[in-house]
Amino acid sequence: MIILEGEKCYLRILTEEDATNFTELLLVNKKYWSIFEPRQEASFFTVEVQREKIRESLFQMRDRREYNFGIFEIGSGKLIGHISLYSIKRYPFSSGFVGYSINERTIGQGIGTEAVRLITKFAFEKVALHRLEAYVSPRNEGSVKVLEKSGYTQEGLLRQLLYINGVWEDHYLYACIEKDF
């Protein structure tokens, strides 16, 4: 089991036993997270689908292609978000993507920034990657701040990158290079 500890939160690989709590987190934040993420079918918000997605992620982790963590609050141990290191490519790229979502009730407390820093350190020191990338909507000012506080640099604007809520949305590309972290 991989656990990354911070001061405000800790990251732990999600397991099948987390499927119910994770589904509850998705349901509580369904409206809030849908502002910047594609809409999902109703079946997506079921324990069965989330258990299968966790199972698939664990399979990907065995091949060192993806790491899917829950973000847990220090003290209470409550699941308050998720963060993933995914689409890992080995040489000649040695890169991966970071994606995350935090419970609406806990935003603005520095938890997202700490979680991104923890997974970035893990990616460089344990997974031995050279470059991490993240996409973020220009409208998502909170997430832009999280990435910038975590040492990521905006490298450009990707026009009409993702289809979200019936509209093609532009996204910034942020990146962090190992030597800059």
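The values are calculated or read from the model by the stated rules, or taken from the named source; none is laboratory data. Just so we're clear, the structure is a prediction, and the values are computed from it rather than from any experiment. Neighbour counts are summed over all protein chains in view; Cβ atoms, including those assigned to glycine, are modelled from backbone coordinates with ideal geometry.
A few comments on the model shown:
- Of all residues making up segment 7-36, the number that are outside any helix (DSSP H, G or I) and out of contact with any helix residue (DSSP H, G or I) (no Cβ under 9 Å at 6 or more places or on another chain): 2
- Out of E141, E125, E104, one residue alone is acidic (D, E), within 17 Å of R64 (Cα to Cα) and out of contact with any strand residue (DSSP E or B) (no Cβ under 9 Å at 6 or more places or on another chain). It is E125.
- For segment 141-181, filtering for residues that are touching a residue at least 40 places away in the same chain (Cβ under 8 Å) and among the polar types (S, T, N, Q) leaves 2.
- Any hit, segment 95-115, residues being without any contact (Cβ under 8 Å) to a residue 60 or more places away in the chain, part of a helix (DSSP H, G or I), in contact with a Gly (Cβ under 9 Å, 6 or more places away or on another chain) and aliphatic (A, V, I, L, M): no
- K121 exposed (fewer than 12 other Cβ atoms within 10 Å of the Cβ), in a helix (DSSP H, G or I) and either without any contact (Cβ under 8 Å) to a residue 12 or more places away in the chain or not hydroxyl-bearing (S, T, Y) (or both): no
- Tally of residues being more than 25 Å from S34 (Cβ to Cβ) and outside any helix (DSSP H, G or I) across segment 142-181: 8
- Criterion: at pLDDT 95 or above, under 17 Å from the mean Cα position of the chain (by Cα) and exposed (fewer than 14 other Cβ atoms within 10 Å of the Cβ) - qualifying residue of E141, E133: E141
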